[in-house]
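Data first, discussion second: the structure below is written as C-alpha coordinates.
The values are calculated or read from the model by the stated rules, or taken from the named source; none is laboratory data. Remember, it's a predicted structure, so these values are computed and weren't measured experimentally. Positions of Cβ are generated from backbone atoms using ideal geometry, with glycine treated the same way; all protein chains shown enter the neighbour counts. What goes into the accessible areas is simple: the full protein's heavy atoms, side chains included, and nothing from ligands, DNA or RNA. Shrake-Rupley method; radii C 1.70, N 1.55, O 1.52, S 1.80 Å.
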Amino acid sequence: MNENVKIGLEIHVQLNKLKSKMFCGCSTDYHDAPPNTHVCPVCLGLPGSLPTINKKAVEYALKVALALNCEVETRTHFYRKNYFYPDLPKNFQISQYDFPIGSNGYVEIEGDNGAKVVRIKRVHMEEDPGRLVHIGTIDRSRYTLVDYNRSGMALLEIVTEPDMGSPKEARSFLAKLRSILEYLDVFDGDKEGAMRIDANISIEGNERAEVKNISSHKGVEKALQYEIIRQRNILRRGGRIVRETRHFDEERNITISMRLKEEEEDYRYFPEPDLPPFSVVDWVPVIRETIPELPDEKRDRFISQYGISEALAKALTSDHKIADLFEDVASEFEPKLVAGWVADVLKGELNYRGLSLDVFPPSYMKEILKMLVSDEITDRGAVIVIRKVLDEGLTPQEVIEREGLRKAGESELETVVRDVLKNNTKAVEDYRAGKKEALNFLVGQVIRNTKGRADPKLARKMIEEMIENLA
Amino acid sequence: MSVITKDVLEHLLWLSKLSVSEEEKERILTQLNSVLEYFSILDELEIEDVEPMYHVAGLVNVFREDEVEPSLSQEEVLKNAPKTENGFIKTPRMM
(Lines give C-alpha, C1' and ligand atoms only; values in the text may rest on other atoms or scores of the structure.)
Protein backbone atom coordinates (compact mmCIF):
# COMPACT_ATOMS: atom_id res chain seq x y z
CA MET A 1 0.00 0.00 0.00
CA ASN A 2 1.43 3.33 -0.98
CA GLU A 3 -1.10 5.94 0.06
CA ASN A 4 0.17 9.32 1.22
CA VAL A 5 0.82 9.81 4.89
CA LYS A 6 0.66 13.37 6.21
CA ILE A 7 2.34 14.33 9.44
CA GLY A 8 2.26 17.67 11.24
CA LEU A 9 4.02 18.41 14.50
CA GLU A 10 3.31 20.69 17.43
CA ILE A 11 6.47 21.10 19.46
CA HIS A 12 6.67 22.56 22.93
CA VAL A 13 10.10 23.92 23.67
CA GLN A 14 11.21 25.24 27.04
CA LEU A 15 13.33 28.38 26.84
CA ASN A 16 15.41 26.82 29.59
CA LYS A 17 18.47 29.01 29.10
CA LEU A 18 16.55 31.78 30.87
CA LYS A 19 17.35 32.29 34.53
CA SER A 20 13.78 32.97 35.63
CA LYS A 21 10.29 31.86 34.62
CA MET A 22 8.02 33.51 32.05
CA PHE A 23 5.92 35.70 34.37
CA CYS A 24 7.68 35.56 37.76
CA GLY A 25 11.16 35.53 39.29
CA CYS A 26 11.21 31.84 40.27
CA SER A 27 14.39 30.09 39.20
CA THR A 28 14.35 27.76 36.17
CA ASP A 29 16.97 25.59 37.85
CA TYR A 30 14.55 23.10 39.41
CA HIS A 31 15.58 19.82 37.80
CA ASP A 32 17.27 18.27 40.81
CA ALA A 33 15.12 20.06 43.39
CA PRO A 34 12.40 18.54 45.58
CA PRO A 35 8.83 19.11 44.32
CA ASN A 36 7.07 22.45 44.90
CA THR A 37 10.19 24.37 45.96
CA HIS A 38 10.50 26.67 42.91
CA VAL A 39 7.10 28.29 43.05
CA CYS A 40 5.61 31.60 44.16
CA PRO A 41 2.12 33.17 44.30
CA VAL A 42 2.30 34.02 40.56
CA CYS A 43 3.10 30.55 39.18
CA LEU A 44 0.77 28.99 41.75
CA GLY A 45 -1.99 31.30 40.53
CA LEU A 46 -2.86 32.54 44.02
CA PRO A 47 -5.57 35.22 44.13
CA GLY A 48 -4.24 38.77 43.86
CA SER A 49 -0.89 37.85 42.31
CA LEU A 50 0.13 39.63 39.12
CA PRO A 51 2.28 38.26 36.29
CA THR A 52 4.91 40.39 34.50
CA ILE A 53 6.46 39.40 31.16
CA ASN A 54 10.12 38.33 31.19
CA LYS A 55 11.71 40.61 28.57
CA LYS A 56 14.43 38.13 27.68
CA ALA A 57 11.80 35.43 27.03
CA VAL A 58 10.28 37.67 24.37
CA GLU A 59 13.73 38.32 22.89
CA TYR A 60 14.38 34.58 22.75
CA ALA A 61 10.99 33.91 21.16
CA LEU A 62 11.70 36.56 18.55
CA LYS A 63 15.13 35.07 17.89
CA VAL A 64 13.57 31.65 17.27
CA ALA A 65 10.82 33.10 15.04
CA LEU A 66 13.44 34.86 12.90
CA ALA A 67 15.70 31.81 12.70
CA LEU A 68 12.69 29.79 11.47
CA ASN A 69 12.13 32.41 8.74
CA CYS A 70 8.85 33.63 10.25
CA GLU A 71 7.04 36.92 9.77
CA VAL A 72 6.90 38.87 13.02
CA GLU A 73 3.60 40.22 14.33
CA THR A 74 3.64 44.00 14.78
CA ARG A 75 1.40 44.09 17.82
CA THR A 76 0.58 41.12 19.96
CA HIS A 77 -0.75 40.09 23.37
CA PHE A 78 -1.48 37.15 25.62
CA TYR A 79 -4.73 35.26 26.09
CA ARG A 80 -6.22 33.10 28.79
CA LYS A 81 -6.88 29.59 27.58
CA ASN A 82 -9.40 28.18 30.02
CA TYR A 83 -9.40 24.55 31.02
CA PHE A 84 -9.94 22.78 34.29
CA TYR A 85 -7.05 20.46 35.01
CA PRO A 86 -4.66 20.34 37.98
CA ASP A 87 -1.47 20.92 35.96
CA LEU A 88 -2.29 24.64 36.11
CA PRO A 89 -3.83 25.73 39.40
CA LYS A 90 -5.32 28.95 37.94
CA ASN A 91 -7.59 26.91 35.66
CA PHE A 92 -6.27 28.77 32.67
CA GLN A 93 -3.01 28.89 30.81
CA ILE A 94 -1.52 32.18 29.69
CA SER A 95 -0.94 31.61 25.99
CA GLN A 96 -1.26 33.30 22.62
CA TYR A 97 -4.11 32.83 20.17
CA ASP A 98 -4.51 35.10 17.19
CA PHE A 99 -1.44 37.27 16.53
CA PRO A 100 1.23 34.70 17.50
CA ILE A 101 4.65 36.35 17.69
CA GLY A 102 5.81 34.54 14.53
CA SER A 103 4.02 32.91 11.58
CA ASN A 104 4.53 31.61 8.03
CA GLY A 105 8.10 30.40 8.36
CA TYR A 106 9.93 27.36 7.05
CA VAL A 107 12.78 24.98 7.84
CA GLU A 108 14.78 22.95 5.35
CA ILE A 109 15.29 19.34 6.37
CA GLU A 110 16.76 16.20 4.94
CA GLY A 111 13.71 14.41 3.54
CA ASP A 112 13.28 10.85 2.31
CA ASN A 113 14.10 12.04 -1.22
CA GLY A 114 16.66 14.77 -0.66
CA ALA A 115 16.25 18.29 0.74
CA LYS A 116 12.71 19.24 1.70
CA VAL A 117 10.99 22.32 3.06
CA VAL A 118 8.69 22.02 6.08
CA ARG A 119 6.47 25.06 6.54
CA ILE A 120 6.10 26.57 10.00
CA LYS A 121 2.54 27.70 10.62
CA ARG A 122 3.13 29.60 13.83
CA VAL A 123 5.42 30.19 16.79
CA HIS A 124 3.78 31.39 19.97
CA MET A 125 4.66 31.98 23.61
CA GLU A 126 2.95 30.42 26.60
CA GLU A 127 3.61 29.18 30.10
CA ASP A 128 4.45 25.58 30.89
CA PRO A 129 2.00 23.71 33.14
CA GLY A 130 3.10 21.78 36.22
CA ARG A 131 4.16 18.15 36.13
CA LEU A 132 1.68 15.38 36.93
CA VAL A 133 2.95 12.09 38.24
CA HIS A 134 0.47 9.27 37.72
CA ILE A 135 0.85 6.54 40.25
CA GLY A 136 0.69 3.37 38.18
CA THR A 137 0.03 3.58 34.43
CA ILE A 138 -1.91 6.53 33.03
CA ASP A 139 -5.02 4.51 32.24
CA ARG A 140 -5.04 2.71 35.57
CA SER A 141 -3.68 5.11 38.20
CA ARG A 142 -5.40 5.49 41.55
CA TYR A 143 -4.38 9.07 42.19
CA THR A 144 -2.18 11.82 40.80
CA LEU A 145 0.67 13.82 42.34
CA VAL A 146 1.39 17.39 41.25
CA ASP A 147 4.68 19.27 41.23
CA TYR A 148 4.41 22.95 40.23
CA ASN A 149 8.17 23.59 39.84
CA ARG A 150 7.75 23.49 36.06
CA SER A 151 4.63 25.66 36.15
CA GLY A 152 5.29 29.04 34.53
CA MET A 153 8.45 28.07 32.63
CA ALA A 154 8.69 30.03 29.38
CA LEU A 155 7.50 27.78 26.59
CA LEU A 156 7.36 28.17 22.83
CA GLU A 157 4.83 26.28 20.82
CA ILE A 158 6.06 25.68 17.29
CA VAL A 159 3.44 24.35 14.88
CA THR A 160 4.29 22.94 11.46
CA GLU A 161 2.07 22.40 8.45
CA PRO A 162 1.43 18.68 7.70
CA ASP A 163 4.44 18.57 5.38
CA MET A 164 6.23 15.46 6.60
CA GLY A 165 5.53 12.25 4.69
CA SER A 166 7.01 9.61 6.99
CA PRO A 167 7.99 9.03 10.63
CA LYS A 168 11.62 9.32 9.53
CA GLU A 169 11.03 12.78 8.10
CA ALA A 170 9.35 13.82 11.35
CA ARG A 171 12.43 12.72 13.24
CA SER A 172 14.68 14.51 10.79
CA PHE A 173 12.69 17.72 11.35
CA LEU A 174 12.99 17.41 15.12
CA ALA A 175 16.75 16.88 14.93
CA LYS A 176 17.08 19.97 12.76
CA LEU A 177 14.88 22.05 15.06
CA ARG A 178 16.83 21.03 18.13
CA SER A 179 20.07 21.83 16.39
CA ILE A 180 18.86 25.33 15.44
CA LEU A 181 17.53 26.04 18.95
CA GLU A 182 20.84 25.03 20.50
CA TYR A 183 22.80 27.15 18.05
CA LEU A 184 20.63 30.08 19.14
CA ASP A 185 21.64 29.41 22.76
CA VAL A 186 18.04 29.62 24.00
CA PHE A 187 17.56 25.92 24.68
CA ASP A 188 19.30 22.97 26.30
CA GLY A 189 17.85 19.75 24.90
CA ASP A 190 19.60 17.55 27.45
CA LYS A 191 17.38 18.78 30.29
CA GLU A 192 14.46 16.52 31.17
CA GLY A 193 11.18 17.64 29.59
CA ALA A 194 12.86 20.37 27.52
CA MET A 195 11.03 19.35 24.33
CA ARG A 196 7.62 17.67 24.20
CA ILE A 197 5.90 16.80 20.98
CA ASP A 198 2.33 16.30 19.79
CA ALA A 199 2.08 14.64 16.40
CA ASN A 200 -0.88 14.75 14.00
CA ILE A 201 -1.02 11.94 11.52
CA SER A 202 -3.48 10.99 8.80
CA ILE A 203 -3.64 8.83 5.73
CA GLU A 204 -4.69 11.09 2.89
CA GLY A 205 -8.46 11.43 2.59
CA ASN A 206 -9.13 10.33 6.17
CA GLU A 207 -9.47 11.96 9.59
CA ARG A 208 -6.36 12.55 11.64
CA ALA A 209 -5.38 11.33 15.07
CA GLU A 210 -3.27 13.36 17.46
CA VAL A 211 -0.67 11.62 19.61
CA LYS A 212 0.05 13.79 22.64
CA ASN A 213 3.05 14.52 24.76
CA ILE A 214 5.86 12.39 23.38
CA SER A 215 9.14 13.23 25.05
CA SER A 216 11.82 11.95 22.65
CA HIS A 217 12.59 12.08 18.93
CA LYS A 218 12.80 8.31 18.83
CA GLY A 219 9.43 8.14 20.62
CA VAL A 220 7.87 10.29 17.88
CA GLU A 221 9.16 7.98 15.18
CA LYS A 222 7.91 4.89 17.02
CA ALA A 223 4.50 6.39 17.86
CA LEU A 224 4.00 7.42 14.23
CA GLN A 225 5.06 4.02 12.91
CA TYR A 226 2.52 2.44 15.24
CA GLU A 227 -0.21 4.88 14.17
CA ILE A 228 0.32 4.20 10.45
CA ILE A 229 -0.13 0.47 11.03
CA ARG A 230 -3.14 1.01 13.28
CA GLN A 231 -4.86 3.37 10.85
CA ARG A 232 -4.11 1.18 7.82
CA ASN A 233 -5.54 -1.85 9.57
CA ILE A 234 -8.76 0.02 10.33
CA LEU A 235 -9.08 1.13 6.70
CA ARG A 236 -8.27 -2.32 5.38
CA ARG A 237 -11.14 -3.74 7.41
CA GLY A 238 -13.42 -1.12 5.90
CA GLY A 239 -13.53 0.95 9.09
CA ARG A 240 -13.33 4.69 9.59
CA ILE A 241 -10.63 6.67 11.45
CA VAL A 242 -12.10 8.80 14.25
CA ARG A 243 -10.60 12.13 15.11
CA GLU A 244 -9.25 11.72 18.61
CA THR A 245 -6.39 12.30 21.00
CA ARG A 246 -4.13 9.37 21.77
CA HIS A 247 -1.43 8.82 24.34
CA PHE A 248 1.90 7.17 23.50
CA ASP A 249 2.98 4.50 25.96
CA GLU A 250 6.79 4.60 25.66
CA GLU A 251 7.26 1.27 27.37
CA ARG A 252 4.86 -0.71 25.23
CA ASN A 253 5.43 1.32 22.03
CA ILE A 254 1.72 1.65 21.37
CA THR A 255 -0.80 4.51 21.37
CA ILE A 256 -3.93 4.47 23.53
CA SER A 257 -7.14 6.42 22.95
CA MET A 258 -7.47 9.19 25.56
CA ARG A 259 -10.52 11.38 25.33
CA LEU A 260 -12.59 13.12 22.74
CA LYS A 261 -10.78 16.35 22.04
CA GLU A 262 -12.14 19.59 23.43
CA GLU A 263 -13.25 21.92 20.67
CA GLU A 264 -11.32 25.14 20.33
CA GLU A 265 -14.32 27.19 21.51
CA ASP A 266 -14.34 25.14 24.71
CA TYR A 267 -11.17 26.93 25.78
CA ARG A 268 -13.09 30.23 25.88
CA TYR A 269 -10.02 32.27 24.94
CA PHE A 270 -10.09 35.91 26.02
CA PRO A 271 -7.36 38.57 26.25
CA GLU A 272 -5.32 38.28 29.47
CA PRO A 273 -6.39 41.39 31.41
CA ASP A 274 -3.32 41.30 33.68
CA LEU A 275 -0.80 41.68 30.85
CA PRO A 276 -0.70 44.71 28.56
CA PRO A 277 -0.12 44.15 24.85
CA PHE A 278 3.36 44.47 23.42
CA SER A 279 4.96 45.53 20.20
CA VAL A 280 8.44 44.23 19.53
CA VAL A 281 8.76 44.55 15.78
CA ASP A 282 11.28 47.38 16.42
CA TRP A 283 13.57 44.87 18.10
CA VAL A 284 13.92 42.80 14.94
CA PRO A 285 17.13 44.41 13.53
CA VAL A 286 18.92 44.13 16.89
CA ILE A 287 17.78 40.55 17.51
CA ARG A 288 18.68 39.55 13.96
CA GLU A 289 22.26 40.65 14.73
CA THR A 290 22.42 38.17 17.61
CA ILE A 291 21.55 35.19 15.40
CA PRO A 292 24.74 33.22 14.82
CA GLU A 293 25.70 31.22 11.75
CA LEU A 294 23.07 28.42 11.65
CA PRO A 295 23.71 24.72 10.90
CA ASP A 296 23.11 24.84 7.13
CA GLU A 297 25.31 27.90 6.59
CA LYS A 298 28.04 26.37 8.74
CA ARG A 299 27.83 23.10 6.79
CA ASP A 300 28.29 24.94 3.48
CA ARG A 301 31.20 26.95 4.86
CA PHE A 302 32.91 23.81 6.22
CA ILE A 303 32.68 22.16 2.80
CA SER A 304 34.25 25.11 0.98
CA GLN A 305 36.71 26.23 3.68
CA TYR A 306 38.06 22.85 4.77
CA GLY A 307 37.43 20.79 1.64
CA ILE A 308 35.60 18.06 3.57
CA SER A 309 32.75 15.91 2.25
CA GLU A 310 29.11 16.95 2.64
CA ALA A 311 28.44 13.94 4.86
CA LEU A 312 31.25 14.87 7.26
CA ALA A 313 30.25 18.55 7.22
CA LYS A 314 26.67 17.58 8.13
CA ALA A 315 27.80 15.34 10.95
CA LEU A 316 30.07 18.06 12.34
CA THR A 317 27.51 20.87 12.19
CA SER A 318 24.40 19.16 13.58
CA ASP A 319 25.67 19.95 17.09
CA HIS A 320 27.23 23.38 17.58
CA LYS A 321 29.55 22.10 20.31
CA ILE A 322 30.99 19.48 17.95
CA ALA A 323 31.36 22.12 15.23
CA ASP A 324 33.24 24.45 17.60
CA LEU A 325 35.58 21.68 18.74
CA PHE A 326 36.29 20.75 15.14
CA GLU A 327 37.19 24.32 14.18
CA ASP A 328 39.41 24.74 17.22
CA VAL A 329 41.34 21.53 16.50
CA ALA A 330 41.39 22.07 12.71
CA SER A 331 43.29 25.34 13.28
CA GLU A 332 46.29 23.23 14.35
CA PHE A 333 45.95 19.96 12.42
CA GLU A 334 45.06 18.87 8.88
CA PRO A 335 41.26 19.57 8.72
CA LYS A 336 40.38 16.39 6.82
CA LEU A 337 42.12 14.25 9.42
CA VAL A 338 40.38 16.15 12.23
CA ALA A 339 36.99 15.88 10.52
CA GLY A 340 37.24 12.10 10.33
CA TRP A 341 38.31 11.69 13.94
CA VAL A 342 35.71 14.10 15.32
CA ALA A 343 32.72 13.18 13.14
CA ASP A 344 33.27 9.44 12.74
CA VAL A 345 35.00 8.41 15.95
CA LEU A 346 34.44 10.92 18.74
CA LYS A 347 30.81 11.70 17.84
CA GLY A 348 30.01 8.02 17.41
CA GLU A 349 31.51 7.13 20.79
CA LEU A 350 29.62 10.01 22.46
CA ASN A 351 26.31 9.02 20.88
CA TYR A 352 26.83 5.40 21.82
CA ARG A 353 27.21 6.43 25.45
CA GLY A 354 24.54 9.14 25.35
CA LEU A 355 27.15 11.68 26.50
CA SER A 356 27.45 15.33 25.53
CA LEU A 357 30.72 16.89 24.45
CA ASP A 358 31.19 18.71 27.76
CA VAL A 359 33.31 15.81 29.04
CA PHE A 360 35.82 16.02 26.18
CA PRO A 361 37.71 19.34 25.77
CA PRO A 362 39.43 20.25 22.46
CA SER A 363 42.83 19.93 24.18
CA TYR A 364 42.25 16.16 24.51
CA MET A 365 41.63 15.81 20.78
CA LYS A 366 44.79 17.83 20.08
CA GLU A 367 46.91 15.66 22.39
CA ILE A 368 45.63 12.49 20.74
CA LEU A 369 46.13 13.77 17.19
CA LYS A 370 49.60 15.05 18.02
CA MET A 371 50.69 11.59 19.14
CA LEU A 372 48.97 10.01 16.17
CA VAL A 373 50.61 12.34 13.65
CA SER A 374 54.05 11.86 15.21
CA ASP A 375 53.54 8.08 15.06
CA GLU A 376 53.63 7.60 18.83
CA ILE A 377 50.27 5.80 18.92
CA THR A 378 48.36 3.76 16.34
CA ASP A 379 44.87 4.46 14.97
CA ARG A 380 43.60 1.66 17.10
CA GLY A 381 45.39 3.10 20.14
CA ALA A 382 43.77 6.49 19.52
CA VAL A 383 40.31 4.90 19.48
CA ILE A 384 41.06 3.15 22.77
CA VAL A 385 42.20 6.46 24.30
CA ILE A 386 38.93 8.16 23.30
CA ARG A 387 36.84 5.30 24.70
CA LYS A 388 38.67 5.13 28.03
CA VAL A 389 38.57 8.91 28.47
CA LEU A 390 34.79 8.79 28.06
CA ASP A 391 34.27 5.68 30.17
CA GLU A 392 36.60 6.40 33.06
CA GLY A 393 37.10 10.16 33.06
CA LEU A 394 40.89 9.83 32.66
CA THR A 395 43.10 12.19 30.63
CA PRO A 396 44.53 10.88 27.34
CA GLN A 397 48.03 10.70 28.85
CA GLU A 398 46.77 8.64 31.77
CA VAL A 399 45.11 6.18 29.41
CA ILE A 400 48.20 5.89 27.20
CA GLU A 401 50.47 5.18 30.19
CA ARG A 402 48.11 2.82 31.95
CA GLU A 403 47.18 0.82 28.87
CA GLY A 404 50.71 0.89 27.45
CA LEU A 405 49.47 2.28 24.16
CA ARG A 406 52.70 3.90 23.06
CA LYS A 407 53.66 2.34 19.73
CA ALA A 408 56.23 -0.42 19.88
CA GLY A 409 59.68 0.88 18.86
CA GLU A 410 61.71 -0.82 16.11
CA SER A 411 63.92 -2.87 18.40
CA GLU A 412 60.96 -4.12 20.44
CA LEU A 413 59.11 -4.93 17.25
CA GLU A 414 62.08 -6.84 15.89
CA THR A 415 62.11 -9.16 18.89
CA VAL A 416 58.38 -9.76 18.61
CA VAL A 417 58.59 -10.49 14.87
CA ARG A 418 61.44 -12.91 15.40
CA ASP A 419 59.38 -14.78 18.06
CA VAL A 420 56.30 -14.88 15.86
CA LEU A 421 58.25 -16.31 12.92
CA LYS A 422 59.86 -18.92 15.16
CA ASN A 423 56.52 -20.05 16.61
CA ASN A 424 54.62 -20.11 13.30
CA THR A 425 56.87 -22.04 10.95
CA LYS A 426 53.88 -23.48 9.11
CA ALA A 427 52.66 -19.98 8.14
CA VAL A 428 56.18 -18.94 7.14
CA GLU A 429 56.41 -21.94 4.82
CA ASP A 430 52.96 -21.23 3.40
CA TYR A 431 54.04 -17.69 2.65
CA ARG A 432 57.19 -18.89 0.93
CA ALA A 433 55.01 -21.26 -1.09
CA GLY A 434 53.13 -18.21 -2.39
CA LYS A 435 50.16 -18.05 0.02
CA LYS A 436 49.68 -14.31 0.53
CA GLU A 437 47.07 -14.76 3.29
CA ALA A 438 49.77 -16.28 5.48
CA LEU A 439 51.40 -12.85 5.69
CA ASN A 440 48.18 -11.31 7.06
CA PHE A 441 48.08 -14.00 9.68
CA LEU A 442 51.65 -13.26 10.76
CA VAL A 443 50.99 -9.51 10.94
CA GLY A 444 47.91 -10.30 13.05
CA GLN A 445 50.08 -12.34 15.43
CA VAL A 446 52.56 -9.48 15.83
CA ILE A 447 49.72 -7.04 16.60
CA ARG A 448 48.26 -9.48 19.08
CA ASN A 449 51.56 -10.04 20.85
CA THR A 450 52.09 -6.29 21.23
CA LYS A 451 48.48 -5.80 22.39
CA GLY A 452 47.83 -3.59 19.39
CA ARG A 453 50.86 -1.32 19.81
CA ALA A 454 52.58 -2.47 16.62
CA ASP A 455 52.28 -0.36 13.50
CA PRO A 456 50.80 -2.86 10.99
CA LYS A 457 52.68 -1.39 8.02
CA LEU A 458 56.02 -1.52 9.76
CA ALA A 459 55.31 -5.04 11.06
CA ARG A 460 54.46 -6.23 7.55
CA LYS A 461 57.64 -4.76 6.13
CA MET A 462 59.77 -6.33 8.88
CA ILE A 463 58.20 -9.76 8.42
CA GLU A 464 58.80 -9.68 4.68
CA GLU A 465 62.42 -8.61 5.14
CA MET A 466 63.12 -11.15 7.86
CA ILE A 467 61.70 -14.06 5.84
CA GLU A 468 63.75 -12.87 2.87
CA ASN A 469 66.91 -12.82 4.98
CA LEU A 470 66.22 -16.21 6.51
CA ALA A 471 65.93 -17.76 3.10
CA MET B 1 -35.30 34.34 22.96
CA SER B 2 -33.03 31.89 24.76
CA VAL B 3 -29.37 31.85 23.69
CA ILE B 4 -28.34 29.36 26.32
CA THR B 5 -30.21 26.10 25.98
CA LYS B 6 -30.16 23.33 28.54
CA ASP B 7 -27.56 21.47 26.40
CA VAL B 8 -25.22 24.46 26.32
CA LEU B 9 -25.54 24.84 30.09
CA GLU B 10 -24.76 21.16 30.65
CA HIS B 11 -21.69 21.52 28.46
CA LEU B 12 -20.49 24.60 30.37
CA LEU B 13 -20.97 22.79 33.66
CA TRP B 14 -18.95 19.85 32.33
CA LEU B 15 -16.12 22.17 31.24
CA SER B 16 -16.09 23.79 34.68
CA LYS B 17 -16.37 20.43 36.48
CA LEU B 18 -19.39 21.72 38.42
CA SER B 19 -22.44 19.72 39.41
CA VAL B 20 -25.68 21.49 40.33
CA SER B 21 -29.22 20.31 41.06
CA GLU B 22 -32.05 20.40 38.49
CA GLU B 23 -33.77 23.35 40.24
CA GLU B 24 -30.50 25.28 40.25
CA LYS B 25 -30.06 24.58 36.55
CA GLU B 26 -33.48 26.14 35.82
CA ARG B 27 -32.58 29.20 37.89
CA ILE B 28 -29.11 29.61 36.29
CA LEU B 29 -30.59 29.18 32.82
CA THR B 30 -33.04 32.05 33.36
CA GLN B 31 -30.33 34.27 34.85
CA LEU B 32 -27.74 33.62 32.15
CA ASN B 33 -30.24 34.31 29.41
CA SER B 34 -31.42 37.55 30.93
CA VAL B 35 -27.78 38.72 31.28
CA LEU B 36 -27.08 37.87 27.65
CA GLU B 37 -30.27 39.55 26.54
CA TYR B 38 -29.21 42.69 28.36
CA PHE B 39 -25.86 42.65 26.58
CA SER B 40 -27.54 42.15 23.20
CA ILE B 41 -28.16 45.92 23.26
CA LEU B 42 -24.50 46.17 22.21
CA ASP B 43 -25.30 44.36 18.97
CA GLU B 44 -27.19 47.43 17.84
CA LEU B 45 -24.07 49.62 17.81
CA GLU B 46 -22.32 50.45 14.53
CA ILE B 47 -18.70 49.36 15.18
CA GLU B 48 -17.41 48.61 11.74
CA ASP B 49 -14.79 51.37 11.79
CA VAL B 50 -13.76 50.88 15.42
CA GLU B 51 -10.45 49.19 16.24
CA PRO B 52 -10.87 46.30 18.67
CA MET B 53 -9.60 47.06 22.16
CA TYR B 54 -7.85 44.21 23.95
CA HIS B 55 -6.78 45.98 27.08
CA VAL B 56 -8.22 48.83 29.11
CA ALA B 57 -5.13 50.42 30.70
CA GLY B 58 -3.58 51.73 27.49
CA LEU B 59 -0.19 50.43 28.58
CA VAL B 60 2.18 48.72 26.17
CA ASN B 61 5.53 46.87 26.55
CA VAL B 62 5.65 46.39 30.30
CA PHE B 63 8.44 43.92 31.04
CA ARG B 64 10.65 42.65 33.83
CA GLU B 65 14.32 41.73 33.52
CA ASP B 66 15.34 38.06 33.61
CA GLU B 67 16.32 38.03 37.28
CA VAL B 68 15.75 35.34 39.87
CA GLU B 69 13.78 36.18 43.00
CA PRO B 70 13.22 33.95 46.01
CA SER B 71 10.42 31.37 45.83
CA LEU B 72 8.14 30.27 48.66
CA SER B 73 9.20 27.45 50.96
CA GLN B 74 7.73 24.02 50.27
CA GLU B 75 5.96 24.21 53.63
CA GLU B 76 4.20 27.44 52.64
CA VAL B 77 3.32 26.08 49.21
CA LEU B 78 1.66 22.97 50.61
CA LYS B 79 -0.20 24.78 53.40
CA ASN B 80 -3.41 25.22 51.40
CA ALA B 81 -3.41 21.78 49.80
CA PRO B 82 -6.02 19.39 51.26
CA LYS B 83 -3.81 16.37 50.61
CA THR B 84 -0.07 16.02 50.06
CA GLU B 85 2.45 13.20 49.67
CA ASN B 86 6.26 13.51 49.76
CA GLY B 87 6.16 17.20 48.86
CA PHE B 88 3.64 16.70 46.05
CA ILE B 89 0.05 17.88 46.04
CA LYS B 90 -2.24 14.89 45.85
CA THR B 91 -5.31 14.99 43.61
CA PRO B 92 -7.89 12.48 42.44
CA ARG B 93 -6.84 10.35 39.47
CA MET B 94 -6.44 12.47 36.35
CA MET B 95 -6.01 11.50 32.74
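Just to verify a number: FRET efficiency for A:Ala311 and A:Glu161, C-beta to C-beta distance, R0 = 30 Å, to 0.05? With a Förster radius of 30 Å, E is 0.55.
Relative contact order of region A:5-287: what whole-number percent is it, with Cα pairs under 8 angstrom and at least 6 residues apart? Provide the component values of the computation, followed by the final result.
Working: 612 pairs, mean separation 69.7, N = 283.
Reported relative contact order: 25 percent.
Of the solvent-accessible surface of region A:1-94, computed with a 1.4 Å probe over protein heavy atoms with every protein chain present, carbon and sulfur atoms account for 46 percent.
The mean accessible area for residues of the protein assembly as shown, using a 1.4 Å probe and ignoring ligands and nucleic acids, is 52 Å² per residue. Taking amide H positions as modeled 1.01 Å from N, with prolines and chain starts lacking one, the residues under 5 Å from B:Arg64 and 5 or more places away or on another chain are A:Ile53, A:Asn54, A:Lys55. Computed FRET efficiency, Cβ-Cβ of A:Trp283 and A:Lys457, R0 51 Å: what is it to the nearest 0.05? Approximately 0.25, to the nearest 0.05.
Can you show me the helix-derived [θ] at 222 nm for the protein assembly as shown, built from DSSP H runs with n ≥ 4 at -39,500 (n - 2.57) apiece and divided by the number of residues, rounded to the nearest 500. Walk me through the numbers before you get to the answer.
Working: 19 runs with 217 residues, N = 566.
Counting only the DSSP helices, I get -11500 deg cm²/dmol.
Here the simple spin-label model places points 7 Å from the Cα toward Cβ, and for A:Arg418 and A:Glu204 these points are separated by 7.6 nm. For region A:50-70, a drop of 10 Å² or more in accessible area on going from the chain alone to the assembled protein chains (1.4 Å probe) is found at A:Thr52, A:Ile53, A:Asn54, A:Lys55, A:Lys56.
Computed from the mean reciprocal separation of all distinct C-alpha pairs, what Kirkwood hydrodynamic radius does region A:236-330 have, in Å?
Numbers: mean 1/r = 0.0511 Å⁻¹.
About 19.6 Å for region A:236-330.
For chain A, the Cα gyration tensor yields ellipsoid semi-axes of 54, 26, 22 Å (square root of five times each eigenvalue, largest first, whole Å). Once the Kirkwood radius over Cα pairs is known for region A:1-146, the Stokes-Einstein relation at 20 °C and 1.002 mPa s delivers a diffusion coefficient of 120 µm²/s.
Compute for chains B and A the buried accessible surface, both sides summed, probe 1.4 Å, and express it in Å² to the nearest 100. Each step should come with its number before you reach the end.
Details: alone 9850 and 23690 Å², together 29510 Å².
In total, chains B and A hide about 4000 Å² from solvent.
Under the definition of partner shielding as Cβ atoms of other protein chains within 10 Å of a residue Cβ, what is the mean value for peptide A:271-284? Mean number of neighbouring Cβ atoms from other chains: 3. Centre-to-centre, using Cα atoms only, region B:26-95 and region A:161-210 are separated by 31 Å.
Computed over chain B, the alpha-carbon pair-distance distribution with 5 angstrom bins reads 2, 8, 10, 9, 9, 11, 14, 14, 12, 8, 3, 0, each value a whole percent.
Partner shielding of B:72-85 amounts to 4, given as the average count of beta-carbon atoms from other chains within 10 Å of each residue beta-carbon. Per-residue SASA remark: A:Thr425, around 80 Å² accessible (1.4 Å probe; ligands, DNA and RNA not included).
Take A:15-26, A:336-347 and order them by the average number of nearby Cβ atoms within 10 Å per residue, most first; the result is A:15-26, A:336-347.
Inter-chain Cβ neighbour count for A:73-86, averaged per residue, equals 2 (cutoff 10 Å, partner chain atoms only). Taking only protein heavy atoms and a 1.4 Å probe, the accessible area of region A:123-233 is 45% carbon and sulfur. Projected onto its three principal axes, the C-alpha set of region B:1-44 covers 35, 20, 13 Å, listed from the longest axis down. Gyration tensor over the Cα atoms of region A:370-414: the corresponding equivalent ellipsoid has semi-axes (square roots of 5 times the eigenvalues, largest first) of 20, 10, 8 Å.
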